[in-house]
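Participant: Let me begin by handing over the structure; questions about it come next.
Throughout, read-outs are computed from the coordinates displayed, never taken from laboratory work. No experiment lies behind these values; they were computed from the predicted model shown. Heads up, the Cβs are rebuilt from the backbone with ideal geometry, glycines too, and the neighbour counts pull from every protein chain shown.
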Amino acid sequence: MFSVLGKLLWFFRQHSRRYSIALGLLFILNFVEVAPPKLVGNVIDAMNQGTLTPSKLFVMLALYALLAAASYSMGFTWQYQLYGGSYLLQRTFRLRLVQHFLRMTAPFFECHRSGDLMALATNDVTAVSQTVGFGMMTLVDATTYSATILLTMGMLISWKLTLLSLLPMPVIAVAVTKYGSMVHRRFTLAQDAFGSMNNGVLETISGIRVLRAYVQERRAFAHFQEIADDVYQKNVAVAKIDAMFEPTIKLLVGISYLIGLGYGTDMVFHSQLTLGELTAFNVYLGMLIWPMLAIGELMNTMQRGNASLDRIEQTLAYPPDVTEAPTPVSVSAPDSIVFRHVTFRYPLAAHDSLRDVSVHLRRGQTLGVVGRTGSGKSTLLKQLLREYPLGDGEILLGGVPIEQIPLDQLRNWLGYVPQEAMLFSRTVADNVRFAAPNAPLKDVLAALWMAGFREDLAMLPNGVDTLVGERGVSLSGGQKQRIALARALIKDPEILILDDALSAVDARTEAHILMQLRACRKGRTTLIASHRLSAVEHADWIIVLDDGRVVEEGPHVHLVGAGGWYQAQYERQQVEQAMASDLESGDVEREGGDGE
C-alpha cells in the first residue's frame, strides 16, 4: 500500500522544507488537540468537588482560548504547505507528461489513444497528487494522532479501560486491508474505462460532419451510451467498496464506545474513575472516530494513487523510438539529400513500404514523387521527418547520415505540409505564425499570397484575425491546405516537403502556387508528392513509385515519352482536364444565351 510513497520519495526530497513544516505542525497539533478534553474533565471534577473558583475558571478558559488560537494558526499553516505540495505534484507530473508527449514520435501515438493520454493528465495525476496531500494528512492522523490519543487515554485516565476499548481495532486493520486491495483493482479498471470514454468523445467531436452526413447520430449516441454505462458501472464498483469503509469503521468504533461507556460507568461506580475522567475518556473516544476513519481513507487514497502512478510511470517509461546520436555531427546546411538503397517497414506492418529506393538531390533542386495510392510516396518523404526508426540503407544530408544530425537542427531545416492540414483553434494569422511567432503582418500576408489565400481573406469576417475553429472546422479543405502551406512558407525552410498538399485546390490556384514556389524557393530544396502530375511537371527530377520501388525516374520531358505509368497517367489527366474545360466553357455559353 505504501509503495506509492517510496515511488514519490524524489518529490518529498525536492520539497523537504515544505513537508517538514507541514508534518512537524501536524505532529505538534496531536498534543495541542488532546489537551482541551483533559481541561474539560478537570473543570467537571472541580465542579463536582466544589473546588472550582472564578480565578481557576478564568485560567482554564484563557488556556483553552490559547490552545484554540494555536490550533487555528498551526492548522492553517500545515494545510497551506501540505495541499500546496499536492498541487505542485500535479503541475510537475502534467509538465512531465506533456514534455514526454512532445518527445514521442508516431509509434507511441499508435499504441496510446488520445483519450487514455488525456485521462493520465487529468484523473490519474489528480489521484496521485492526493497521496501527497490528503493521503499524508490521513497517514499522520491514522498513526501519530491516534497513538497520541491512545497514550493520553491510557496514561492519564485508565490503561485498563483503554485496552478493553481497543478490542475491535484488529478487525478494522483486517477490513481496510481487504477493502484496499479491492479498490486498487477496481480503480484501475475504472480509469481504463474513463480513458476509453475520452477517446470516444474525441472521435465523435472530430468526426461530427461525417456522422451527420451518414445520419449516424443515433448510432453514435447509442455507442457512447454503452461506453458511458461501462464507465458508470466500473465507478459504481469502486464506490461500493468506498462506501464500505466508513460504516465498517463506525460500527467498530461504536462497539468501542459501548465498551468504554459500560466499563467506564462501572469504574466510576466503584470509585476507580472520576466523572470528569470518564467524560474526557468519552471525548477521546469521539476524537478516535476520525483517526479510525482515516485508516480507511488512507488505504483508499494510497491504493488509488498507486494504481494511477503505475499507469503514469508506465507511460513515462516508454522510450523514444527516435533518439539523438551519442555523438551528433553538426552540418552547416543540407547541400545534398541522398537516399541510398533505403528499405523501410512500419513497426506494425507485415510488408516493406519502401524497397531499395535510391535518390540523389542537390541543394536548390525540386524532387517530384508520384505513383499509385499506397505506393509509398508519403512514406518516402516522412523518412526526412524521422518519425520512425530508420530501416535499411542510408539517408545522407550534406554527406552526413541523417541519424547523426541533431534532431533540433534537422527539424529546423524542414517545412512540412501534409495532405490533412492540422490547424489550431486560433486566428488565421496565429496559424501562419506558428513556426515564426514574431513575424510581422506583412510577412504573414506575403506568405498567404504565395499560398493563394489572399482572395479568400476578403470572404472571412475578420480577415487574418478570423478564428478558424478547432482543427479549422470553419474552413474548406482547400483553405486549410493553403493556410498550412503559408505556415511552412513563412519559415522559408531549407527543405520544403509537400505531401499531396495541393490536392484540395483548383487548377488555377495550383498554377499560382507552383509559380510562387518556383520564384521564392530558388536555392532551397523542395520535395513534392502528388497524384496530379501538373504539380511536379516543373521538378528537376521525378520518381515514380510502385509497391515501394522506384519503377521510373527522370525529368518530366523524359517520362512523358517513356511509355510507362507516368506517360499513361499524364495523358489521362490531360484528357480529363480538357473535358473539364469544355464543360466549363459550355456552362458559360449557356449562361450567356439565357441572358440574351
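Participant: Helix by helix, which DSSP H runs in the chain go 30 Å or more along their axis at the Cα atoms and have an average Kyte-Doolittle hydropathy of -1.0 or more? Could you put the intermediate results ahead of the total?
Facilitator: On the way: long enough: 16-49 (50 Å, 0.63); 54-103 (73 Å, 0.41); 169-206 (54 Å, 0.37); 217-269 (76 Å, 0.31); 275-316 (60 Å, 0.36); 565-595 (45 Å, -1.35).
Qualifying helices, which must be both long enough and hydrophobic enough, are 16-49, 54-103, 169-206, 217-269, 275-316.
Participant: In addition: Just to confirm a number: summing +1 for Lys and Arg and -1 for Asp and Glu over residues other than A511 whose beta-carbon lies under 12 angstrom from that of A511, what do you get?
Facilitator: Taking every Cβ under 12 Å from that of A511, the sum is 0.
Participant: Mind checking the log10 I(q)/I(0) for region 235-295 at q = 0.27 Å⁻¹? Debye, one equal scatterer per Cα, no solvent, two decimals.
Facilitator: Rounded to two decimals, the profile gives -1.04.
Participant: Okay, moving on. Hey, could you get me the Stokes-Einstein D for region 336-559, Kirkwood radius over alpha-carbon pairs, 37 °C and 0.692 mPa s, rounded to whole µm² s⁻¹?
Facilitator: D, rounded to a whole number, is 183 µm²/s.
Participant: Using packing as a proxy for protection, rank 471-484, 295-308 so that the peptide with the highest average count of other Cβ atoms within 10 Å comes first.
Facilitator: Highest to lowest by the protection proxy: 295-308, 471-484.
Participant: Give, in whole angstrom and from largest to smallest, the semi-axes √(5λ) of the equivalent ellipsoid of region 478-585, with λ running over the eigenvalues of the Cα gyration tensor.
Facilitator: Values for region 478-585, descending: 23, 20, 12 Å.
Participant: While we're on this one: Which whole-percent values make up P(r) of region 159-231 when all C-alpha to C-alpha distances are grouped in 5 Å steps starting at zero?
Facilitator: 3, 13, 14, 12, 10, 8, 7, 7, 6, 6, 5, 4, 3, 2, 1, 0
Participant: Starting at the first residue of region 371-381, write each ³J(HN,Hα) from the Karplus equation 6.51 cos²θ - 1.76 cosθ + 1.60 with θ = phi - 60°, in whole Hz, x for Gly and Pro.
Facilitator: x, 5, 4, x, 7, x, 4, 5, 4, 4, 5
Participant: Just to be sure I understand: of the beta bridges DSSP finds with both ends in the chain, what percent are antiparallel, rounded to 5?
Facilitator: Restricted to the chain, the bridges split so that about 50 percent are antiparallel.
Participant: What's the center-to-center distance, using Cα atoms, between region 330-364 and region 495-546 in Å?
Facilitator: Region 330-364 and region 495-546 have Cα centres separated by 19 Å.
Participant: What residues qualify as long-range amide H neighbours of R549, i.e. H under 5 Å apart, gap of 5 or more or another chain, H built at 1.01 Å from N?
Facilitator: Amide H neighbours of R549: R355.
Participant: Assuming R0 = 41 Å, can you tell me the calculated FRET efficiency for the pair A578 and D192, based on Cβ-Cβ distance, to the nearest 0.05?
Facilitator: The formula returns an efficiency of 0.10 here.
Participant: Further, regarding this structure: Testing the spin-label approximation: label points 7 Å from Cα along Cα→Cβ at L67 and Q567. State their distance in nm.
Facilitator: For the pair L67/Q567, the computed spacing is 10.4 nm.
Participant: Then there's this: For a protection proxy built on the mean count of beta-carbon atoms within 10 angstrom, sort 459-470, 53-64, 368-379 highest first, please. Mind dumping the intermediate values first?
Facilitator: Values: 459-470: 13.8, 53-64: 11.6, 368-379: 20.7.
Ranking, from highest mean packing down: 368-379, 459-470, 53-64.
Participant: Could you run the Debye sum over the Cα atoms of the chain, one equal point scatterer each and no solvent, and tell me log10 of I(q)/I(0) at q = 0.07, 0.09, 0.11 Å⁻¹, two decimals?
Facilitator: For the requested q values the scattering log ratios are -0.66, -0.88, -1.12.
Participant: With Cβ to Cβ distances under 13 Å as the rule, what net charge do the other residues near G85 carry (K, R +1; D, E -1)?
Facilitator: +4
Participant: What's the long-distance tail for region 3-316, i.e. % of Cα pairs beyond 33 Å?
Facilitator: Numbers: 21181 of 49141 pairs.
Beyond 33 Å sits 43 percent of the P(r) for region 3-316.
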